[in-house]
1. Test of understanding: among A:Leu203, A:Leu169, A:Leu258, which residue is at pLDDT below 95 and either touching a His at 6+ places or on another chain (Cβ under 6 Å) or within 28 Å of A:Ala72 (Cα to Cα) (or both)?
2. Exactly one condition in (1) free of Cβ contacts under 8 Å to residues at least 60 places away in the same chain; (2) at the interface with chain B (Cβ under 10 Å from one of its Cβ atoms) is false for A:Met284; which is it?
3. Given the options A:Ala137, A:Ala173, name the one that is of a type in the set (A, V, I, L, M, F, W, C), touching a residue at least 12 places away in the same chain (Cβ under 8 Å) and closer than 23 Å to B:Tyr118 by Cβ.
4. Taking the range B:249-298 on its own, how many of its residues are of a type outside the set (A, V, I, L, M, F, W, C), more than 11 Å from chain A (Cβ to nearest Cβ) and touching a residue at least 40 places away in the same chain (Cβ under 8 Å)?
5. When the residues of the range B:107-119 are narrowed to those that are β-branched (Val, Ile, Thr) and surrounded by 15 or more Cβ atoms within 10 Å (Cβ to Cβ), which ends up farthest from A:Ile223 (Cα to Cα)?
6. Working carefully through the options A:Met235, A:Met266, A:Met272, find the one that is at the interface with chain B (Cβ under 9 Å from one of its Cβ atoms), at negative phi and touching a Phe, Trp or Tyr at 6+ places or on another chain (Cβ under 6 Å).
7. Exactly one of (1) within 14 Å of another protein chain (Cβ to nearest Cβ); (2) over 24 Å from B:Leu299 (Cα atoms) is unmet by A:Ala69. Its number?
8. Can you name the condition, by its number, that A:Tyr53 falls short on among (1) touching a helix residue (DSSP H, G or I) at 6+ places or on another chain (Cβ under 6 Å); (2) buried (at least 22 other Cβ atoms within 10 Å of the Cβ)?
Amino acid sequence: MSSQLFIQTVANAIAASGMLALIAVGLTLAFGVMQMANLAHGHFFMAGAYTVYALYALAGWPFWWAVAAAVAVGALLGLIVERGVFRPLQGDVVSGFIATAGLMFVFEVLVGEIWGWGLSRPIPSPYMRAFRFMGAAVAFQRVLVIPFAVVSIGGLMVFMRRFRLGRALRAVAQDPEAAALQGININRMTALALAIAGAYAGLAGGLMSTIYAVTPSLGGHIILPALIVVVVGGMGSIEGVTLAALIFGFVMTFVTTLVDGVTAVMVSVTVMALVLAIRPQGLMGRVVA
Amino acid sequence: MSLHSGKRLKGWALVPLAGGILGLCVLPFFVRAYLIEVVMMYFIYIILAQSYRLIVTVHDWQLYHVVLYGVGAYTSGMLAKSAGVPVFFAIPLGGLMAALVGVAITTPLLRTKGWGFYIATYGLAELIRLSWLKFRNPFGGSTGIIDIPWPPVVAGIDFSEGVPYYFFSLGVMLLVLYFLYRIEKSHLGDSFKAISMDPDLAASTGIHIPRHRLMACAIGGFFAGIAGGLLVHRLGAVDPKLFNLVTMLYLLIWVVVGGTKTFWGPIIGVSVMHTLFELSRPLIQVRPLFFGLSMTLVLIFMPGGIEGVLLKVVARWQKRNRLPTAET
């Protein structure tokens, strides 16, 4: 591996980590607050990517407006899933999990029918420039996601610790009944958690839409790495997910560059199995969930 | 609701059962060859769904069952093709391999719980499926394996023909259903149900939970492997795409829509949903939308599935006739 390729791969790995963290943090938040796992979460990411495709590539909106719309679309989908699926099934973890498996089919067909099946949708890159660093060129567009991931996840950590609303979310995660006794409206908290989850996935999808092949099956491809990150990080732990996203961002990017994408997934699940065999609660999870 | 529900089917239930089996026996002599192939797939899917339900009775809603089905298919196909093992021996060996793989996937992750367990085991199973894709040398890569031997001629009957294979798979299905029914009604089956109802209480009565979960996983995996063997020696080919998450979602749809409370739920699920699947062939693009939505809506509005509705109807009918309530 030449030093140029190495630097480029490191940059790609950090970008992949940022994207994985943005997706997985929402999954873990939803799990922490309502013990619900959302298999259709990868489709929120896909919805973000398609929003940018429709508004930026087709309708000619400025790129950043389209990304903002992707965030809104993700949040809206999160609210719909919370209200339509998770709330009626509250307390029934298995049913919630399987019900969102059904939603995977629903979202995929809707997107395919609206914007077409088959080939990926080309989205022109709004930024053609590249960073030059020690002889390596790192495309601006590729690493765009990094500052957003740092700011939004850092912001979420501060929000959960310092703000009343964030503390209320944590209270619901720890003990919903005790939280309700404190006058916290649980339904409003679960809606908030899912809206944040959807918004973050939509943001990741919007920012990465110019890099990824945008097809209706995108959601199904992205969900396995995201779920691996969540279980390895420790379910419900934002810090753990961030750490795991860094690990798997590097593992997946380096193995993909050196060998191929299939091997990258194979190595990732092996790492996951090793971690969970030793620490069933994940790296930073407090309880076996 | 009593946990112990008699060892035998009651007399009145045997009549429709015998009628159904008789109907399946005369069916191939009255329909086109294509329909025989279609009905054969029901047999395979019923074995698959019913073996999955056994694992569901210990509450392990794992997402890797179709990979075990694939392990059975690949093992049986490769043994028959490359090692020259007779097909009728290769199929049970495929089942055995699937059971072993199921145990190998589950054992290291037994300490994870809930959806941590579902995701982690699914990840490991994906490792197996991707290795079929990755290693062209024994597994054939994305195109899979072709020219898998048909079953031989036994006692003058050529099992590579449609009708004999139809009866062979019907026989295997009935045998598998018989075994699974006996397990369901045995002490072991009761222990499984106890674990899904209240694991702590079950453990306190001396049920070794990890061992029972592994046992359910091995038995279910074995029969899933048998289903894979039946499939591969009829198709004559196998590839990794047959066993991906989409197939797993359809398996979930059969089981959830049919219901898992009684033994008959998955059979109802396969019968209804696979029929709708076959009928909706012209709508191939939008078909997953309907099936995905049906599963989500059933979970929200009809949690027991079709079977749950039937049980309610029967219970009401019996109440009106002042008979003892239905056993579940």
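1. Details: A:Leu203 fails: at pLDDT below 95; A:Leu258 fails: either touching a His at 6+ places or on another chain (Cβ under 6 Å) or within 28 Å of A:Ala72 (Cα to Cα) (or both).
It is A:Leu169.
2. Only one criterion in (1) free of Cβ contacts under 8 Å to residues at least 60 places away in the same chain; (2) at the interface with chain B (Cβ under 10 Å from one of its Cβ atoms) is unmet by A:Met284, namely (2).
3. Details: A:Ala137 fails: closer than 23 Å to B:Tyr118 by Cβ.
Matching residue, one of A:Ala137, A:Ala173: A:Ala173.
4. As a first pass, look at the range B:249-298 and keep what is of a type outside the set (A, V, I, L, M, F, W, C): B:250, B:258-262, B:265-266, B:269, B:271, B:274-275, B:278, B:280-282, B:285, B:287-288, B:292, B:294, B:296.
Right, trim to more than 11 Å from chain A (Cβ to nearest Cβ) and you get B:258-259, B:261-262, B:265-266, B:269, B:271, B:274-275, B:278, B:280-282.
Now restrict to residues that are touching a residue at least 40 places away in the same chain (Cβ under 8 Å): B:258-259, B:261-262, B:265-266, B:269, B:271, B:274, B:278.
The qualifying residues number 10.
5. B:Thr112
6. Numbers: A:Met266 fails: touching a Phe, Trp or Tyr at 6+ places or on another chain (Cβ under 6 Å); A:Met272 fails: touching a Phe, Trp or Tyr at 6+ places or on another chain (Cβ under 6 Å).
That would be A:Met235, the only listed residue that is at the interface with chain B (Cβ under 9 Å from one of its Cβ atoms), at negative phi and touching a Phe, Trp or Tyr at 6+ places or on another chain (Cβ under 6 Å).
7. (1)
8. (1)
The values are calculated or read from the model by the stated rules, or taken from the named source; none is laboratory data. Model, not experiment: these values are computed from the prediction. Every residue, glycine as well, gets a Cβ built from its backbone with ideal geometry; the counts of neighbours run over all protein chains shown.
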